[in-house]
Amino acid sequence: MTKYEDQGKKDTRSGFGDAMTALGRTNPNVVALCADLVGSLKIQDFIDENPDRFFQVGIAEANMMGIAAGLTIGGKIPFTGTFANFSTGRVYDQIRQSIAYSGKNVKICASHAGITLGEDGATHQILEDIGMMKMLPGMTVINPCDYNQTKAATMAIADHKGPVYLRFGRPKVANFTAVDQNFEIGKALMLNEGSDVTIIATGHLVWEALIAAENLENQGISAEVINIHTIKPLDEASVLKSVKKTGCVVTAEEHNYLGGLGESIARTLANQHPTPQEFVATQDTFGESGTPAQLMEKYGLNNKAIEKAVFKVMKRK
């Protein structure tokens, strides 16, 4: 359907798990901590190969963050693992005080993010985490789009000095980025050049943006698609270069429109190049139980919603 080929649907959490296995073999300072969700985080292979470098803290996420902060003092590179809701909302104080405030080299790895957690419902889905984490001074925030990019991002953050929030998901989604890609933190990726509208997407919405661009092309609309995998630091130069060419922008994310990628783009444009913008995101709401596909449809997080937003924003040029 797009010029990018889906290599076979895979869950992004498996990209994290496979990268942890690789890091276990190549970086002796990498250690893993988990809050009773080893199976969900796909890190059993890392544990089997490195039992002395794994810490099962149980359902004690706040304690996990404190332990991780302490491990950095001895030169270790701790990767914490639990659901995104429990990686942020439950432990925000510990992250702020013990990790971000002193710039500890902790990698906060959050699975089952967004609404596509699905049937577990609103108590486990989180749609505020990007906003919470990007507001912490010094925190890098990364939201990759598929299995390959999640694996590459996990490898890359091990070499990055400082706290990182890495967000990924549960469902199997299109896997379309390069297997051997070079993941550069803070660098946007141009996926499709266009002249009529800029579509800036992150996470699961990147593939949907590519489908939307293909559909729009069939209707005579040239859409530029940019993958923002690093929400903070934001590649403002790439954003501004694109919107100066197209004159309007749609942002797409599996997150609340308040505090997410779209808001970061809006701030950039307000400060440097005011441009019509439409947001494809949840509209200040909690989620609910349902299949990922049902929820993406109901909450307007798919290619159809992106197309609708494109038609709306182009009228405002």
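The values are calculated or read from the model by the stated rules, or taken from the named source; none is laboratory data. Nothing here was measured: the structure is a model prediction, and the numbers come from that model. Neighbour counts are summed over all protein chains in view; Cβ atoms, including those assigned to glycine, are modelled from backbone coordinates with ideal geometry.
When region 165-221 is filtered for residues that are surrounded by fewer than 24 Cβ atoms within 10 Å (Cβ to Cβ) and in a strand (DSSP E or B), the ones remaining, listed by number, are LYS172, VAL173, LEU189, MET190, LEU191, ASN192. Scan region 62-71 and tell me whether some residue there is outside any helix (DSSP H, G or I), at pLDDT 95 or above and either crowded, with 23+ Cβ neighbours inside 10 Å or of a type outside the set (S, T, N, Q) (or both). Within region 62-71, none of the residues are outside any helix (DSSP H, G or I), at pLDDT 95 or above and either crowded, with 23+ Cβ neighbours inside 10 Å or of a type outside the set (S, T, N, Q) (or both).
Based on this model, can you work out whether SER264 counts as hydroxyl-bearing (Ser, Thr, Tyr) and under 19 Å from the mean Cα position of the chain (by Cα)? Yes. Restricting attention to region 214-232, the residues being farther than 24 Å from GLY15 by Cβ, touching a strand residue (DSSP E or B) at 6+ places or on another chain (Cβ under 8 Å) and in contact (Cβ under 8 Å) with a residue 40 or more places away in the chain number 3. Filtering region 151-163 for residues that are in a helix (DSSP H, G or I) and over 27 Å from GLU208 (Cβ atoms) leaves a non-empty set.
If I go through region 153-164 residue by residue, how many of them are in contact with a strand residue (DSSP E or B) (Cβ under 8 Å, 6 or more places away or on another chain) and either assigned by TED's automatic domain parsing to the domain that holds ILE221 or surrounded by fewer than 22 Cβ atoms within 10 Å (Cβ to Cβ) (or both)? Talk me through it step by step, then tell me what you get.
Pass one, region 153-164, residues in contact with a strand residue (DSSP E or B) (Cβ under 8 Å, 6 or more places away or on another chain): 153-154, 157-158, 160, 162-164.
When the remaining residues are screened for being either assigned by TED's automatic domain parsing to the domain that holds ILE221 or surrounded by fewer than 22 Cβ atoms within 10 Å (Cβ to Cβ) (or both), the result is 158, 160, 162.
Residues that pass the stated criteria total 3.
Among the criteria (1) crowded, with 21+ Cβ neighbours inside 10 Å; (2) touching a Leu at 6+ places or on another chain (Cβ under 6 Å), the one PHE46 does not fulfil is (2).
Scanning region 262-313 for residues that are assigned to a helix (DSSP H, G or I), surrounded by fewer than 19 Cβ atoms within 10 Å (Cβ to Cβ) and of a type outside the set (Gly, Ala, Ser) yields ARG267, THR268, LEU269, ASN271, GLN272, GLN294, GLU297, LYS298, LYS304, LYS308, PHE311, LYS312. Scanning region 234-256 for residues that are touching a Ser or Thr at 6+ places or on another chain (Cβ under 9 Å) and either more than 20 Å from CYS145 (Cβ to Cβ) or surrounded by fewer than 19 Cβ atoms within 10 Å (Cβ to Cβ) (or both) yields GLU236, LEU240, VAL243, LYS244, LYS245, THR246, GLY247, CYS248. For the criterion of being in a helix (DSSP H, G or I), in the same structural domain as THR123 (by TED's automatic domain parsing), modelled with pLDDT under 95 and of a type in the set (Ser, Thr, Tyr), SER87 fails.
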